[in-house]
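The values are calculated or read from the model by the stated rules, or taken from the named source; none is laboratory data. Just so it is clear, the model here is predicted, and its values are computed rather than measured. Glycine gets a Cβ as well: all are built from the backbone with ideal geometry, and neighbour counts include every protein chain shown. These area figures cover heavy atoms from the full protein model, side chains too; ligands, DNA and RNA do not enter into them. Shrake-Rupley method; radii C 1.70, N 1.55, O 1.52, S 1.80 Å.
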Amino acid sequence: MATVPKPLDRLIQELVRLPGIGEKTAMRLAFHMLRAERREVEALAAAMLAMRDEMTTCSLCCALSASDPCEICGDSQRSGEIVCVVEDTADQLAVERSGSFRGRYHVLQGALAPLDGVGPEDLRVRELLARLTDGAVKEVLVATNPTAEGEATALYLARLIKPLGVRVTRIAHGLPMGADMEYVDTATLGRALEGRRDM
Ligand SMILES: [Zn+2]
């Protein structure tokens, strides 16, 4: 049996480590790159490296961003009175796409998952509380995913934040249970944001 030539195999082994990429897809991608022009492959490799090097974490909202503070935290046109809490930067981008929110964000970088060993200290909770001390934020809109972990995180945050005298709201139900905000269509997400309820 012929073996896969070493350089080709090396790339395939790297590609199968990526999420959602199986052996077949890895092979298809590798062959595609083999046939592509050298400058195309160069552009792909350069984009991957630049993304790693140029992305940073916003020290205010903890979102992944190309600048610190991020574009949204630095935008004086946006309301500082309402902060939308999301699990990750992909969810933040989904809320942005809905066009229904003009406040600021806070990215937790995960959700509580005790069974997987993810506790409050693993999330950016302390950073969120620090933003609520000067009275500028009037409302925290919790837009964690409608999953068991997302709901538990929302309840946990409400218990911490309400005693500070800050209004805590939860994105409206109507999002399918178990859904990932990232994949909810923008109209549904817009309605869920508008129909938020006090916790
Ligand atoms: Zn920010």
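A few notes on this one:
- Hey, E127 under 17 Å from I82 (Cα atoms) and touching a Lys or Arg at 6+ places or on another chain (Cβ under 8 Å) or not: no
- Meets criteria (small (G, A, S), farther than 20 Å from S59 by Cα and surrounded by 21 or more Cβ atoms within 10 Å (Cβ to Cβ)) for A113: no
- Meets criteria (open to solvent by less than 20 Å² (accessible area, probe 1.4 Å) and touching a Lys or Arg at 6+ places or on another chain (Cβ under 7 Å)) for V83: yes
- Filter pass, T89 being among the hydroxyl-bearing types (S, T, Y), farther than 30 Å from R131 by Cβ and either away from the ligand (no atom under 12 Å from the Cβ) or open to solvent by less than 50 Å² (accessible area, probe 1.4 Å) (or both): no
- Failed item, numbered, when K6 is tested on (1) without any contact (Cβ under 8 Å) to a residue 24 or more places away in the chain; (2) of a type in the set (K, R); (3) open to solvent by less than 50 Å² (accessible area, probe 1.4 Å): (3)
- Here T153, T133, T144 are screened, and the one residue that is polar (S, T, N, Q), touching a residue at least 40 places away in the same chain (Cβ under 8 Å) and part of a loop (DSSP other than H, G, I, E, B) is T144.
- Qualifying residue in segment 53-61 (condition: away from the ligand (no atom under 12 Å from the Cβ), touching a Leu at 6+ places or on another chain (Cβ under 6 Å) and in contact (Cβ under 8 Å) with a residue 60 or more places away in the chain): no
Residues checked against (1) in contact with a His (Cβ under 6 Å, 6 or more places away or on another chain); (2) within 19 Å of L112 (Cβ to Cβ); (3) surrounded by 18 or more Cβ atoms within 10 Å (Cβ to Cβ):
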site: N145; (1), (2), (3): no, yes, yes
site: E151; (1), (2), (3): no, yes, no
site: A154; (1), (2), (3): no, yes, yes
site: L157; (1), (2), (3): no, yes, yes
site: L164; (1), (2), (3): no, no, no
site: R167; (1), (2), (3): no, no, no
site: G178; (1), (2), (3): no, yes, no
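- For segment 18-36, a residue qualifies if it is of a type outside the set (S, T, N, Q) and open to solvent by less than 100 Å² (accessible area, probe 1.4 Å), and the qualifying residues are L18, G20, I21, G22, A26, M27, L29, A30, F31, M33, A36.
- Unique match (being buried (at least 20 other Cβ atoms within 10 Å of the Cβ), more than 10 Å from the ligand (Cβ to nearest atom) and either free of Cβ contacts under 8 Å to residues at least 40 places away in the same chain or aliphatic (A, V, I, L, M) (or both)) among A66, A94: A94
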